[in-house]
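Peer 1: Just dropping this structure here.
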Amino acid sequence: MLFRSPKKDVNFRGAILADVNFENCTFEGRVDFRDTIITGKTSFTGTDFYGISDWRAAVINTVFDADRTYFHHGINFDNVTFNQPLILTWTLFEKISIESAVVNAGLTIKPERSLNIGSTTRKINLRKSRIRGPVTLPKQAIDVRGANLSQADPLDLLDVRDYYLRSDIRGLVYDEATKWPANGSPQNGS
């Protein structure tokens, strides 16, 4: 099913969305995906979310590849369950929050080449999330305090200073509650 671009708020709260094509849609108002189950061949490629999109407590059972997908108010996947890979491109204007989420099949967050972020930036939040499978994350400007990465296999922390015009990006933020894989953590050179 192809979904047309609405010009007002859209409420999918509690819906089951299967095989819905959101490709190249423009959501100008608020979009509510709370408690939604997304399954089947569902695509958000090329979609623009100009309003706030609320995904709390959604369950996503399909690969979520946000290629050319822009969240103008940032990405907030707090408390979402992803049962297939989550793939995001981190753009200059987006803040990504995946706090207290469950990612069961891998997470990739790749920065755009043209980013220029200041030294106090905390753009990516993975606090208290449980992440399994292959994980690729930027090493700078990411917060994993209390996250469980013990089943991230492999865990690849990219040194992304080359992506930036400034070299004073703050590093990876973690605490004693962060769980690392046995063979990969900042302490042993990963």
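The values are calculated or read from the model by the stated rules, or taken from the named source; none is laboratory data. The structure presented is a predicted model; accordingly, all values stated were derived computationally and were not measured. A quick note on method: Cβ atoms are made from the backbone with ideal geometry, for glycine too, and the neighbour counts reach across all protein chains shown. Just the protein is used for accessible areas: all its heavy atoms, side chains included, with ligands, DNA and RNA removed. Shrake-Rupley method; radii C 1.70, N 1.55, O 1.52, S 1.80 Å.
Peer 1: For segment 27-46: of the residues being hydroxyl-bearing (S, T, Y) and modelled with pLDDT of 90 or more, which is surrounded by the most Cβ atoms within 10 Å (Cβ to Cβ)?
Peer 2: By that ranking, first place goes to T36.
Peer 1: State whether the residues of segment 58-70 include one that is more than 17 Å from T108 (Cα to Cα) and either touching a residue at least 60 places away in the same chain (Cβ under 8 Å) or not aliphatic (A, V, I, L, M) (or both).
Peer 2: Of segment 58-70, the ones more than 17 Å from T108 (Cα to Cα) are 58-59.
Going one step further and asking which of them are either touching a residue at least 60 places away in the same chain (Cβ under 8 Å) or not aliphatic (A, V, I, L, M) (or both), we end up with none.
The answer is no; no qualifying residue exists.
Peer 1: Further question on the same structure: Which condition number does R4 fail, the rest of (1) out of contact with any His (no Cβ under 9 Å at 6 or more places or on another chain); (2) modelled with pLDDT of 90 or more being met?
Peer 2: Answer for R4: the failing condition is (2).
Peer 1: Could you list, in sequence order, all residues of segment 106-125 that are crowded, with 19+ Cβ neighbours inside 10 Å and at pLDDT 90 or above?
Peer 2: Across segment 106-125, the qualifying residues are G106, L107, N125.
Peer 1: Next question, about the same structure. Hey, among K95, K8, which residue is open to solvent by 50 Å² or more (accessible area, probe 1.4 Å), under 17 Å from L126 (Cα atoms) and without any contact (Cβ under 8 Å) to a residue 60 or more places away in the chain?
Peer 2: K95
Peer 1: Report, by residue number, each residue of segment 169-183 that is surrounded by 11 or more Cβ atoms within 10 Å (Cβ to Cβ) and either modelled with pLDDT under 65 or of a type in the set (D, E, K, R) (or both).
Peer 2: Passing the criteria: I169, R170, D175, K179.
Peer 1: Here are some residues: V144, V103. Which one is touching a Ser or Thr at 6+ places or on another chain (Cβ under 9 Å), at pLDDT 85 or above, open to solvent by less than 50 Å² (accessible area, probe 1.4 Å) and within 21 Å of T47 (Cβ to Cβ)? Spell out the reasoning first.
Peer 2: Values: V144 fails: within 21 Å of T47 (Cβ to Cβ).
Going through V144, V103 in turn, just one is touching a Ser or Thr at 6+ places or on another chain (Cβ under 9 Å), at pLDDT 85 or above, open to solvent by less than 50 Å² (accessible area, probe 1.4 Å) and within 21 Å of T47 (Cβ to Cβ): V103.
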